Amino acid sequence: MSILSMSLVIAAIHLAVPIILPLLGGLISERSGVMNIALEGMMLVGGLTAVVFSFLTGDPWLGLAAAAVSGLISGAALALLTVTLRANQVVASTAINLVGAGLTAALVPIIWGTDGTTPSVAKIPPFVVPGLSELPVVGQLFRELTLVDYGTFVLVVGVWWVLFRTDTGLRLRACGESAESADSAGIDVVRTRFVAVALSGAFAALGGAYLSIVILDAFQAGMTQGRGYLALAALVFGKWRVWPGVAACVVFGLADALALRSQIVAPDIPHDLLLAMPYILALVALATFVGKGTAPAAVGKEFARA
């Protein structure tokens, strides 16, 4: 079996998307000046919410929508703490992560009476693109991707366009560079930051939902396995820009896919070492290639109108 194939490309996309979505959320939040390291906890909340609503309704699309709403709530909670109450952003984000991990693990046995893993639920099916799915070689790609995958590509372009090609994005970035200057220019910094952090929660929750009702058909405690932190690493590696950050996510997804494929073609390599490949790659990249970071100047700094 060759390690390089179209199935590897598809697997890399499936494993990159749940990193790309929280990356976009983190980018929006931190470009507005609010450090969001709570992506992992928000992903877990979104993953469980998607399964709960898919289980109750039998419709995974309603589960996906409910996950986005749960992310908005998680993001709003972080925004309330950091933007409105001006709590320490690192501490508040850590609290969200702890609550997200603990609450989701505790709710599974309460709701289903099982430990760790929920029953199987309806998942979002692949979307077969007429015509393109019949092409040789690449046709498999258009038979196995879902509408969520295509939607993620659209979101990447949309976030890039809004952040760097519109007045709305300019105002948001101004809040992240100098909140005082933005305020003196008439921008409502508090509202802008609040909305940005809430939206970041929705993006992160969609990443968690992708894991639970697109890749899998169930929720497992701790199933994100650090992907929220990989998204943060991609954000830093990409220097808070969309396309380099997405490229880093694709590299992490490819490393994950290669690790899974290598278990079959190279069974002598230790299993745990293969699973650690994306995280080792993230550490190496951050330690050797990043150089001076170009974080928004006001990120992590609280703002209060005089």
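Read the figures in this text as sums done on the coordinates, not as results from a lab. Keep in mind that this is a model prediction, so the values were computed, not measured. Cβ: placed from backbone, ideal geometry, glycine included. Neighbour counts: every protein chain shown.
So here's what we get for this one:
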| quantity | calculated |
| --- | --- |
| Interchain or long-range residues, amide H under 5 Å from Ala87's placed H | Thr82 |
| Of Leu132, Thr57, Ser93, farthest towards positive along the dipole that unit charges on Lys, Arg, Asp, Glu beta carbons give the chain | Ser93 |
| Contact order relative to length of the chain, as percent, for alpha carbon pairs under 8 angstrom and 6 or more apart | 37 |
| Where trypsin sites (Lys or Arg not before Pro) in DSSP loops with at most 10 other Cβ within 10 Å are excluded, longest remaining stretch of the chain | 1-291 |
| The stretch 53-186: relative contact order in percent, alpha carbon pairs under 8 Å with at least 6 residues between | 14 |
| Mean-position separation - Cα centroids, the stretch 11-61 and the stretch 144-174, in angstrom | 15 |
| The chain: most fluctuating residue of Val284, Val190, Val17 per GNM, C-alpha cutoff 10 Å | Val284 |
| Size of electric dipole in the chain: Cβ of Lys, Arg +1 and of Asp, Glu -1, about Cα centre, debye, nearest 20 | 720 |
| Relative contact order of the stretch 157-306, pairs being alpha-carbon contacts under 8 Å that are 6 or more residues apart, as % | 27 |
| Highest-fluctuation residue, Ile20, Ile213, Ile280 considered, GNM on the chain with Cα pairs under 10 Å | Ile280 |
